[in-house]
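K.L.:
Before anything else, here's the structure in question.
The values are calculated or read from the model by the stated rules, or taken from the named source; none is laboratory data. Because the structure is a prediction, the values reported are computed rather than measured. Methodologically, a virtual Cβ is constructed for each residue, glycine included, from the backbone with ideal geometry; neighbour enumeration extends over all protein chains shown. Ligands, DNA and RNA are excluded from the accessible area calculation, which covers all protein heavy atoms including side chains. Shrake-Rupley method; radii C 1.70, N 1.55, O 1.52, S 1.80 Å.
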Amino acid sequence: MTTWAEFEQDAPQLAAVVHRLMSAHKHKVLATLRKDGSPRVSGTETAFRDGELWMGSMPGAVKALDLRRDPRMAIHVTSPDPDESDPSSWPGDAKVSGRAEEVTDPAVLAAHELPGSGAHLFRVSVEEVVWTRVSGDELVIDTWHAGRGFRRIARK
């Protein structure tokens with residue numbers, strides 16, 4: 001399991017950008033796997049706390065049931081549309097994938113102040129982080145994979 005803090009230590013510049021992009025928008029898109037293996041996308045909210053990336057869910061939500069059955073997931077952070085006259089001004093978008101572990105410890109749940117009772121709380125083990133943007137006339141993709149580290153890809 002790779003914590004957000006461990007990812008930050010390994011790729012601090014990428015972590016800072018992705019943290020900023022994720023913090024700029026309350027709502028993100030979460031991809032999970034259904035029972036039959038097909039994808040499901042849902043809205044989600046995330047938080048950074050104590051060196052971890054967290055997600056919450058309403059009681060009994062299908063995304064929570066998906067994650068209990070198969071913890072593989074991905075989060076996509078959408079971004080504003082780029083300025084057509086200056087594509088390099090686009091901040092880009094971010095993706096984080098990994099595995100979500102449900103946390104049921106009452107003290108941890110209380111510390112996160114989830115609304116109502118029965119809400120789900122998941123800690124994300126980070127396996128891959130991607131930041132995609134435009135720089136000049138190139139599409140630039142910064143990636144980090146647990147165990148492989150950082151890589152930059154530029155395409156014209």
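K.L.:
Compute the acute angle (0 to 90°) between the alpha-carbon long axis of helix 12-24 and the principal axis of greatest extent of the alpha-carbon atoms of the chain; round to the nearest 10°.
P.N.:
70 degrees
K.L.:
Pick out which of Met22, Met58, Met73 has the largest mean-square fluctuation in a Gaussian network model of the chain, springs linking Cα atoms closer than 10 Å.
P.N.:
In this elastic network of the chain, the residue with the biggest mean-square fluctuation among Met22, Met58, Met73 is Met58.
K.L.:
Next question. So how do 113-120, 60-67 stack up, highest first, on mean other-Cβ count within 10 Å?
P.N.:
Most protected by this proxy first, the peptides run 60-67, 113-120.
K.L.:
Suppose only helical runs count, i.e. DSSP H with n ≥ 4. What mean residue ellipticity at 222 nm does that imply for the chain under -39500 (n - 2.57) per run, divided by all residues and rounded to the nearest 500 deg cm²/dmol?
P.N.:
Rounded to the nearest 500, it is -6500 deg cm²/dmol.
K.L.:
Among the lysines, which fall within straight-line cross-link reach of Lys28, defined as a Cα-Cα distance under 21 Å, with same-chain neighbours fewer than 8 residues apart omitted?
P.N.:
Correct list for Lys28: Lys63, Lys95.
K.L.:
Ok, one more. May I ask you to give the percent of accessible area on segment 1-79 that is carbon plus sulfur, with a probe radius of 1.4 Å?
P.N.:
Carbon and sulfur: 53 percent of the exposed surface of segment 1-79.
K.L.:
Computed from these coordinates, which is Cα extents along the principal axes in Å: (i) 45, 34, 25; (ii) 78, 35, 31; (iii) 49, 30, 30?
P.N.:
Correct label is (iii).
K.L.:
How large is ³J(HN,Hα), in whole Hz, for each residue of segment 71-76 in order, when computed from phi with the Karplus curve 6.51 cos²θ - 1.76 cosθ + 1.60 and θ = phi - 60°, using x for Gly and Pro?
P.N.:
Each residue's phi maps through the Karplus curve to give x, 5, 7, 9, 10, 10 Hz.
K.L.:
Can you give me the accessible area per residue for the chain, using a 1.4 Å probe, in Å²?
P.N.:
56 Å²
K.L.:
Reachable aspartates and glutamates from Lys35, Cα under 14 Å, same-chain residues fewer than 8 places away excluded?
P.N.:
Hits, sequence-local ones excluded: Asp66, Asp70.
K.L.:
On to the next question. Kindly write out, for segment 64-70 in residue order, the coupling ³J(HN,Hα) from the Karplus curve 6.51 cos²θ - 1.76 cosθ + 1.60 (θ = phi - 60°), rounded to whole Hz, with x marking Gly and Pro.
P.N.:
5, 5, 4, 5, 5, 7, 9
K.L.:
Just the number, please: carbon plus sulfur as a percent of the accessible area of segment 84-156, 1.4 Å probe, no ligands or DNA/RNA counted.
P.N.:
The value for segment 84-156 is 50 percent carbon and sulfur by accessible area.
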